[in-house]
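Participant: Before I ask anything, here is the structure I am working with.
The values are calculated or read from the model by the stated rules, or taken from the named source; none is laboratory data. Worth saying up front: this structure is predicted, and the values here are computed from it rather than measured. With ideal geometry, Cβ positions are generated from the backbone for all residues, glycine too; neighbour counts draw on all protein chains shown. To get the accessible areas, we keep the full protein, side chains included, count just its heavy atoms, and leave off ligands, DNA and RNA. Shrake-Rupley method; radii C 1.70, N 1.55, O 1.52, S 1.80 Å.
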Amino acid sequence: MSKRHRWQASDHHQPNLRPMRPNIVFAFADDWGRYARAYAQHEGPGSLNELIDTPNFDRIAAEGALFLNALVPAPSCTPCRSSILAGQYFWQTGLGAILQGAVWDETIPTFPLELERGGYFIGYQYKVWSPGKTLNAPIGAARTRYEPAGRNFNQFSHWVTANAATLGIEGAKQTLYDETRENFRAFLAARGDDRPFCYWWGPTNTHRTWERGSGKALWGIDPDDLEGRLPGFLPDVHEIREDAADYLGECQAVDKGLGILRDELIAVGEWDNTLLVVSGDHGIPGMPRAKCNLYDIGCEVALAVRWPGRVRAGRVVDDFVNLMDLGPTFCEAGGIDIPDTMTGKSLVPILDAPASGQVDAGRDHVVTGRERHVGFAREGYLPYPQRSLRTKDFIYIVNFEPDRWPMGDPKGLDDPRAPAPDYQTLASNTFAAYPDFDASPTKAWMIHHREELDVEPLYDLAFGKRPREELYDLNEDPHYMTNVADDPKYANVRGQMEARLLAILEDQDDPRLMEQPCRYELEPYAGPPER
């Protein structure tokens, strides 16, 4: 055990004793939604989480706290990451609020660089902040990158499949596990002293694309086992079940990486003085209503926190968490002042509390939103501006420009008689149609079957234009398929949700309310992105 972190002899019998400043490890997977076995017991029978095997995430949750209502600030990777790093709403991060065309404003304090100034040794492997200029600037860019063993983990199923003939499936997997291990060891070796460290592990294998059929071939996840488990807005057909099964396999690969981090922290004697946080930047890509949408499948994410001596084991927390709260949380945990620019709210009081359930009555909602994802998704490089208020019982969404296509211009596919690009093009080329919807077998299948009577309404939910306001009663409609914003029965709820959302946006200086014209309609926010 490191001398700096040595506890008193009876430490394990005195839970109120606290070590010096903890190490901070943030495991943050690209496009990883709320998929871990630990959630199965909280969702009832029939969930996808019953089919996934994530023993490392589950152990972290069991030894700390599992959060049931964690949502991203924006369901698009760069704006979400801008928000987390800066501890602000995404619209408060300048050009970090968009994806293509993002530029990092180095005058904005970020938690890794603030921790570094406060004495922490910082570093990362794989993805932190991208796409955008300057790549990974909020964590020190190339200066703090530790990837001497490579980045092949990010193409997990492709790489394993391509090398299985020579290495075998398990041997190929092990090579990728060893890559993560060696990269982490390089970071720990570079530390060179006893300083606390802050490390970001950011695998991207859960982002498209992955090897078709890999869920079953590499992980034994049978697509037929998903029958009857998909949300109601997804056609329950083999091709889409297989697509979801392949994604769950990539989630299991992320979990294996978590186990490697744990093993290495134990090996260097740092496991019990490390604040470990595990989450993802938004929901599944290439599926309807998910990534780039403000519904739960796009915004809900897994969140587990382990912090020995501070977080009591086995807690299950109902409080709503916006992931931008992690920035001030890491600053407070690291013993440094939280920058005034951070509008997020530290989770440390929630982590220190002994109880499960709802800890802070004020944490009963999360505000999410988005502006521009793919720069040329719509004519004129325009965004699809949305804001949402999520509470225990409702999702309320404002679509500020309902005349625009939410998933990008259809390029003729709004006409059911128009010929579609071939299946493989739609499965592999995001920009062939509806560019804010990642290419996938699911996208290809739905477009090619859009004329069928049972598919047409689901296709419209996925790709069609939307009204200015949406309201979903999650108790009656858990898959948020029936918009009740115009239902007189919900008039009071709609009015209250609207008033509350707009008040928060005004208080936080959202340009959508506070500027005329709004910056997101003008260059450089709406200009052609640099390639």
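Participant: Quick check on my filter: what residues within the stretch 453-476 are in a loop (DSSP other than H, G, I, E, B) and touching a Pro at 6+ places or on another chain (Cβ under 9 Å)?
Facilitator: ASP454, VAL455, GLY464, LYS465, ARG466, PRO467, ARG468, listed by residue number.
Participant: So, in the stretch 50-102, of the ones that are part of a loop (DSSP other than H, G, I, E, B) and charged (D, E, K, R), which residue ends up farthest from GLU332 (Cα to Cα)?
Facilitator: For the stretch 50-102, the residue satisfying everything is ASP53.
Participant: Of the residues in the stretch 38-49, how many are surrounded by fewer than 20 Cβ atoms within 10 Å (Cβ to Cβ) and either touching a residue at least 60 places away in the same chain (Cβ under 8 Å) or in a helix (DSSP H, G or I) (or both)?
Facilitator: Counting residues in the stretch 38-49 that are surrounded by fewer than 20 Cβ atoms within 10 Å (Cβ to Cβ) and either touching a residue at least 60 places away in the same chain (Cβ under 8 Å) or in a helix (DSSP H, G or I) (or both) gives 5.
Participant: Further question on the same structure: Scan the stretch 1-34 for residues that are modelled with pLDDT of 50 or more, out of contact with any Phe, Trp or Tyr (no Cβ under 8 Å at 6 or more places or on another chain) and either open to solvent by less than 30 Å² (accessible area, probe 1.4 Å) or β-branched (Val, Ile, Thr) (or both) and jot them down.
Facilitator: ALA29, ASP30, ASP31, TRP32, GLY33
The rows are residues; the columns are (1) within 26 Å of ARG81 (Cα to Cα); (2) assigned to a loop (DSSP other than H, G, I, E, B); (3) within 24 Å of the chain's Cα centre (by Cα); (4) basic (Lys, Arg).
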{"position": "TRP159", "(1), (2), (3), (4)": "no, no, yes, no"}
{"position": "ALA164", "(1), (2), (3), (4)": "no, no, no, no"}
{"position": "PHE184", "(1), (2), (3), (4)": "yes, no, yes, no"}
{"position": "LEU188", "(1), (2), (3), (4)": "yes, no, no, no"}
{"position": "TYR199", "(1), (2), (3), (4)": "yes, no, yes, no"}
{"position": "ASN205", "(1), (2), (3), (4)": "yes, yes, yes, no"}
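Participant: Quick check on the stretch 349-365: of everything there that is touching a strand residue (DSSP E or B) at 6+ places or on another chain (Cβ under 7 Å) and among the acidic types (Asp, Glu), which residue is farthest from TYR396 (Cα to Cα)?
Facilitator: Within the stretch 349-365, the match that is farthest from TYR396 (Cα to Cα) is ASP360.
Participant: Somewhere in the stretch 233-245, is a residue open to solvent by less than 20 Å² (accessible area, probe 1.4 Å), of a type in the set (D, E, K, R) and in contact (Cβ under 8 Å) with a residue 40 or more places away in the chain?
Facilitator: yes
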